[in-house]
Every structure is written in structure tokens, then in C-alpha cells.
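Have a look at the structure below, then the notes.
The values are calculated or read from the model by the stated rules, or taken from the named source; none is laboratory data. Quick caveat, the model's predicted, so the values are computed rather than measured. Virtual Cβ from ideal backbone geometry, glycine too; neighbours counted across all protein chains shown.
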Amino acid sequence: MIKIIVFLPLLAAIVAGFINKSAPSVVAKGVTTAALFISCALSWPIFLTYLGGGVPATVEPVLQWVQSGELRFDWALRVDTLTAVMLVVITTVSALVHLYSWGYMDEDPDQPRFFAYLSLFTFAMLMLVTADNLVQMFFGWEGVGLASYLLIGFWFRKPSASAAAIKAFVVNRVGDLGFMLGIFGTFWVFGTVSIPEILAAAPGMSGATIGFLGMRVQTMDVLCILLFIGAMGKSAQLGLHTWLPDAMEGPTPVSALIHAATMVTAGVFMVCRLSPMFETAPVALGLVTFIGAATCIFAATVGTTQWDIKRVIAYSTCSQLGYMFFAAGVGAYGAAMFHLFTHAFFKALLFLGAGSVIHAMHHEQDMRYYGALRKEIPFTFWGMLFGTLAITGVGIYHLGVGFAGFWSKDAIIEVAFARGTELGTFAFWMGIFAALLTSFYSWRLMFLTFWGRPRWADSEHIRHAVHAGHGEPEEHNPAIQEDAGHDVSHHVPSPNYEAGTGGYHPHESPITMLVPLGVLSLGAILAGQLFAPAFLDSAAFWNGSIFYNEPLIHAMHATPYLVKYAAAIVMLIGLFVAWLAYIKDTTIPEKGADQLGPVYRFFYNKWYFDELYHYLFVVPAFWLGRIFWKFGDVGTIDRFGPNGIAWIVEKGSVGAHKFQTGYLYSYALVMLLGLVAAITWVLF
């Protein structure tokens, strides 16, 4: 069964890729979507089996892979509780994204290519989470990197999309270098890349030291820090996060797939999978805690200032990943995986809901041109409302009821406090402050989009966009095709333009887009309520697939009530401030931005990381490139290589052609001189 789950998306991707435009798009869409729903249907029984607890891990061999000296490993699919959790997350969200894309990408002429990329992405992620050894994990790791590059840059005629794809690829290569070094070091220390063998031997390496950069350092700290650098790149943690917001240049279904279920959660999965290793590396765990907490607050501050609806949700993802990492850093790997699980539902819901809003608003993404949409697109409104209630953590502790984020995010905040260390306390306060900002920017998004006056009704920006799309389908217009700055799929006649009325009226999305919103809404409402006992309190559920710290979980449940209600209190404060600024008195945001001045600009410009990296890395790289080009290629290689040889040949030919007189005695003289020269060389 596991082979079908993993390889069916690959088969579908191959079929869709070969079909391309040789058959109707519905064939490629049908094949890939059906494959994902079959994989999803087969994944849930596996998860429910492990939900009962005490089920042992199984390994299903695929083929013999590598035998080189001491390095020997097979390609095998490992299934345990951790894998089962990831299987349902990946296949469920991916299946719904495939279905959603039927409506969202309906006007795009390259649909077969898009659906092939989606299925390839899913296969790579499934390979990653079923890996039985580090090399196989790295295969899936690089596979999702490749597929994300293809999907982010899917609209390759759009320069910003191509630039975003390259940026994601390059930044992830930095993290992947750390991951590769970590794998090399692990093999050197343990003599194997088998994950079960490494985890079994890891406790015995506690306290061992190794020479590194001229110093004696803890072996496990070095290995785990290198592995975590890989996780930082893939999961967009502070320092290697800059690619994630730019990934919004891809189609909205891609954003949902990358952010909710696949690529960005790979780093969290890897740390949890190798948790017995990390437990022997206190310095590495401290770094994980600090980076996670710092990312959590960084992304939340930036999210409060953005106007692009997708970018707000993107920075929200970055912040929520910070929660997952600092949960792992304090030793609560079950809480980290629980938040990964619930986050998949409500974040996919928010992204797909945002896509429905964008679809209704003729692909306008600036929330300043929204307003009063709750009556125009009610189904989308309710879906996004459920997602917002989930991400802000609405719930009542004493009643034992709450949306998904209430159970998982609040548990992370409590366990950070219960840890009792300085870094744990730091993570607790960062988590509380980030929860306040999360509530503010989430309700800000809702109020700007669904409440207030209909700013789209009198917006010249929207009206111009609608009229630009009214008339001849522009995918058949050569002028549009040649415009590299525009995405063809965004320049089709708007279905929401009412011909003859001269007006614009948002309409609800098609059923293929609304069904995924409904299913994900159920996950945002119920996922925490149903599965919290297993994820947080059951060592039997995890059954050794992660390191389970039972005393820490008991301490989490024993935290004071003020700690348990802290997240709810700040959530209400954030909601009130957002209501005050965007409903009660809409002049407050502009006044606040003016008064805060440099602070607002600092947050709005993403803490100037892009500018900093530009001057630290991009400018020196171009400077070195120019030096190598001018003095290396042109001044040395070309001068003494091709150009020098060409000059010698040219001058030699000028002298040689003088002997081409056509007279026999001239040729006889040359032959005689050559013969004399040859004899002289032999004799002397």
C-alpha cells in the first residue's frame, strides 16, 4: 500500500507531463487529481491505525541502491507514527490543492504542465518523509527544491516570478550545503546513513568531542547544527528566510502547497525525525530554540505592515514555523508535530481562501482595494473566518473547546514556559508577543477584506484592470504574449465583469474551489479537538518515532492558569486593536505609521534583510565576477588563448601565402629548404 501512495503521484506527473498539450487539459487534470485522492484515501487508514498507539514501524524495501565500500543502503520506505502523520498532511492538502486548481487555473493554457509539477512536488515530499536513510531523505529534500523552483517560476514570462524561483533555489542551496555536510559528518562518525541505526547509536556519542575548525567541540553539537542549517533553509528560518515571501509570485495553489503541507515543513520533520540525535546536543537545541523564537517574532512584525494578502499569510507561515522549531528546541517534539499537523489545515484554508478572494477581485492582491466582500463571496468569507479563528487560537481552556490553533499553538507556549530554562523563557515571551501580533494582522486582513466600505466599487485601479481584461482573450494577442512583464493567465476576460453595465461585481468562486475550502474548514475547526490527546499526551502513539519527554508534558499541564490564558488574552487585545484601527477609526493606521516612522519602515521593509544581503553578497559577487571576466577571461585566457593563437595563425598565413606563387621552382625551393632543415635536425 505504501508503494502505491508514494509512487502514484510520480506516475501521474509523468503521464501529465507527456500528455502536455497533445490532449485536452482535462485528461492531465483528471489523472493527477485522481492519483492524489487515491493516495489520500490510502493514507488515512494508516494514520488511524497508528492513532490507536503501540503499532510498530514497518520498512518496505524497493530496490538495492548503493554498495560502495563501507557505504551500503537500500531504497526502502519506512512507515511509523511520524511518517503516518506526514502522509495524511501531504496527501490531504495536495489532493485538495489539485481539485482547487481546476477552478483557479481554468484559464491558463499550460494546465497540464502545472498539474504535472504539483504531482511531482507531492512525490518528492512523500519520498522525504518515508526515507529510511539520510541519502534517501536528501533525495526527497532536493526533489521538493526542484519542484518548488518549477512551481514558483511557473509563469516564467513574468520577470518577478523567474527571479523569485531563482532566489528560492539559491537560498536553499546555502541551507542544503549545511545539510550535506551534516550527512557526511554523520556517516563519518557513525559509519552508516541508516536512520534507525544512527538514532540507536546517538545516545552513546553524548559527550564525545571532535576536532572542528582547529577546536575540540562536542561531536553531536556540530552534526546537529549542520543538519539544522539545512532545516533553516528549507523551513525559511531567520537568516535563510528571504525566499519564502517572494515565493508568492507563483500561483496561489502553489503557495498553499508549499506553505501548508510540504516544503517548509520538511525542516521541522527532519529535526523531529532525528530528535534522539538532537537530545544529545544541548548547544544545537539551544540554537534551534533561539532561531525559532527569533523567526517567530520577526515574521509577525513584518506581517503587520504588508498590504498584499498573500504576503501577510506568507509571513504568518514563517512565524508559525518559528513556533514549531522552538517547540522542538525545548524538547517538545510532539507539540511541534501537532502544530505542524493543525497548521496544515488552517494555513491551506487561509491561502486557498485568499486565492478565492483574488479570483473574485480580478487577481488584485492589494487589500487596500478590497472591503465589504463578506456578502459578495459568503462561502469564502466563512472559510477564511474559520481559518482566522484557528490561527489566532480561539478557544476556552476550562471548557476544553477551541479551534485547531488553540490546541497546538497554546501548547507550545505552555511547554516553553514549563521548560524553565532561560531560552525556554525567552521563547515563551516571544511566543506570547507573536500571538498578539498574529491576532492583529490576521483580523486586520479580515477587516480590510470583508468589512468596511466596498473600496473596489470606486477604485480606478480595479476598474482599469477589469476593462483591460474585457474584450478579446488576450492569450491570443501577440502583444500580450510578448510582454514579459505580465502573466498571460491573469489577462483574460474577467468572469466578474458585467457586460453592458460598466460596473464590476465580485462573484463567488466555482465549486471546485469551494469544496476544498469546506473540507479544510472542518480541519481548522476539529483537528485540534480530535487529536490533541494523542499528539500531546500519548507516548504510545509516538511509539519511539520521536523522542518523547513525558516529564516535560506533565509540567506543561501543571503550568499556572495565567500562562494557560496568556495567549487568549493577547489574542483578544490584538483583535480589539485591529477592530479599533480598521473598523472604528480608519485614520489610526496612517497616524500610527507617521508617528512610528522609522520603526514602521523597518518592519515594512522586512528588517532590511534583502538590502543587507544585496550589499553583503550580491554586490561583492558581481564585483568578483567583473574582475574574473575582465582580467581572467578577456585579459588572460582570451588574450593568450583563442585570441593569441588566432593572431599567430593570421600573421603566419600572411607570410605563408607569399610562397603560393603557382611556379614549380618556388615549391621545389621550399621542399629543398625543408629537407635541409630536417637533415640538420637529425644530424646535430
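A few comments on the model shown:
- Check on K3, farther than 26 Å from L134 by Cα, of a type outside the set (A, V, I, L, M, F, W, C) and touching a residue at least 40 places away in the same chain (Cβ under 8 Å): no
- Applying the set (1) buried (at least 24 other Cβ atoms within 10 Å of the Cβ); (2) of a type in the set (S, T, N, Q); (3) at pLDDT below 90 to S160 leaves exactly one unmet item: (1).
- Scanning region 1-58 for residues that are within 27 Å of the chain's Cα centre (by Cα) and basic (K, R) turns up K3, K29.
Conditions tested, residue by residue: (1) in contact with a Leu (Cβ under 7 Å, 6 or more places away or on another chain); (2) more than 30 Å from L99 (Cβ to Cβ); (3) surrounded by fewer than 24 Cβ atoms within 10 Å (Cβ to Cβ); (4) free of Cβ contacts under 8 Å to residues at least 60 places away in the same chain.
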{"site": "A293", "(1), (2), (3), (4)": "no, yes, no, no"}
{"site": "T304", "(1), (2), (3), (4)": "yes, yes, yes, no"}
{"site": "Y333", "(1), (2), (3), (4)": "no, yes, no, no"}
{"site": "L349", "(1), (2), (3), (4)": "yes, no, no, no"}
{"site": "H363", "(1), (2), (3), (4)": "no, no, yes, no"}
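- Some residue of region 74-82 being more than 24 Å from A348 (Cβ to Cβ), surrounded by fewer than 24 Cβ atoms within 10 Å (Cβ to Cβ) and of a type in the set (A, V, I, L, M): yes
- Checking each residue in region 297-345 for being among the charged types (D, E, K, R) and assigned to a helix (DSSP H, G or I) picks out K310, R311.
- The set of residues from region 263-306 being among the polar types (S, T, N, Q) and more than 16 Å from N549 (Cβ to Cβ) comprises T265, T295, T301, T304, T305, Q306.
- Of the numbered criteria (1) without any contact (Cβ under 8 Å) to a residue 24 or more places away in the chain; (2) assigned to a helix (DSSP H, G or I), the one A84 fails is (1).
- Residue in region 652-665 that is assigned to a helix (DSSP H, G or I), surrounded by 12 or more Cβ atoms within 10 Å (Cβ to Cβ) and out of contact with any His (no Cβ under 8 Å at 6 or more places or on another chain) present: no
- Condition met for H343 (surrounded by fewer than 24 Cβ atoms within 10 Å (Cβ to Cβ) and under 26 Å from the mean Cα position of the chain (by Cα)): no
- Take the conditions (1) on the phi > 0 side of the Ramachandran plot; (2) touching a Phe, Trp or Tyr at 6+ places or on another chain (Cβ under 7 Å); K29 misses just one of them, which is (1).
- Here A131 does not qualify as in contact with a Pro (Cβ under 8 Å, 6 or more places away or on another chain), touching a residue at least 40 places away in the same chain (Cβ under 8 Å), more than 30 Å from H362 (Cβ to Cβ) and of a type in the set (G, A, S).
- Breaking point among (1) surrounded by fewer than 23 Cβ atoms within 10 Å (Cβ to Cβ); (2) within 21 Å of the chain's Cα centre (by Cα), for A372: (2)
- Single residue of region 188-199 satisfying the filter (in a helix (DSSP H, G or I) and touching a residue at least 60 places away in the same chain (Cβ under 8 Å)) that is nearest to the chain's Cα centre (by Cα): I195
- Looking only at residues of region 220-247 that are in contact with an Asp or Glu (Cβ under 7 Å, 6 or more places away or on another chain) and buried (at least 24 other Cβ atoms within 10 Å of the Cβ), we find that the one that is farthest from K606 (Cα to Cα) is G230.
- The single residue among V563, V619, V599 that is within 22 Å of T301 (Cβ to Cβ) and either free of Cβ contacts under 8 Å to residues at least 24 places away in the same chain or not basic (K, R) (or both) turns out to be V599.
- Checking D132 against (1) charged (D, E, K, R); (2) surrounded by fewer than 21 Cβ atoms within 10 Å (Cβ to Cβ); (3) touching a strand residue (DSSP E or B) at 6+ places or on another chain (Cβ under 6 Å), the condition it does not meet: (2)
- Across region 192-208, the qualifying residues are those that are touching a strand residue (DSSP E or B) at 6+ places or on another chain (Cβ under 7 Å) and of a type outside the set (S, T, Y), and the one among them that is surrounded by the most Cβ atoms within 10 Å (Cβ to Cβ) is V193.
- Residue list for region 104-129, restricted to those being crowded, with 24+ Cβ neighbours inside 10 Å and acidic (D, E): none
- When the test is whether a residue is part of a helix (DSSP H, G or I), touching a residue at least 12 places away in the same chain (Cβ under 8 Å), in contact with a Ser or Thr (Cβ under 6 Å, 6 or more places away or on another chain) and under 21 Å from F121 (Cβ atoms), A16 passes it.
- Candidates L552, L575, L580: the one that is at pLDDT 90 or above and either outside any helix (DSSP H, G or I) or touching a Ser or Thr at 6+ places or on another chain (Cβ under 6 Å) (or both) is L575.
- Looking across region 56-81, the residues that are within 30 Å of H259 (Cβ to Cβ) and assigned to a loop (DSSP other than H, G, I, E, B) come down to A57, D80.
- Among all residues of region 643-653, there is at least one that is more than 30 Å from A434 (Cα to Cα) and over 60 Å from the mean Cα position of the chain (by Cα).
- Every listed requirement among (1) more than 16 Å from the chain's Cα centre (by Cα); (2) within 26 Å of N133 (Cβ to Cβ); (3) polar (S, T, N, Q) is met by S160 save one, (2).
- The single condition among (1) assigned to a helix (DSSP H, G or I); (2) in contact (Cβ under 8 Å) with a residue 24 or more places away in the chain; (3) under 16 Å from F121 (Cβ atoms) that G185 does not satisfy is (3).
- On the stretch given as region 107-149, residues that are within 12 Å of P253 (Cβ to Cβ) and charged (D, E, K, R) total 1.
- Unique match (being surrounded by fewer than 21 Cβ atoms within 10 Å (Cβ to Cβ) and among the β-branched types (V, I, T)) among I546, I573: I573
- Qualifying residue in region 48-62 (condition: exposed (fewer than 14 other Cβ atoms within 10 Å of the Cβ) and of a type in the set (D, E, K, R)): no
- When residues of region 391-403 are limited to those that are small (G, A, S) and within 17 Å of L572 (Cα to Cα), the one surrounded by the most Cβ atoms within 10 Å (Cβ to Cβ): G393
- Among the residues examined, I291 does not qualify as touching a strand residue (DSSP E or B) at 6+ places or on another chain (Cβ under 9 Å) and closer than 28 Å to Y608 by Cα.
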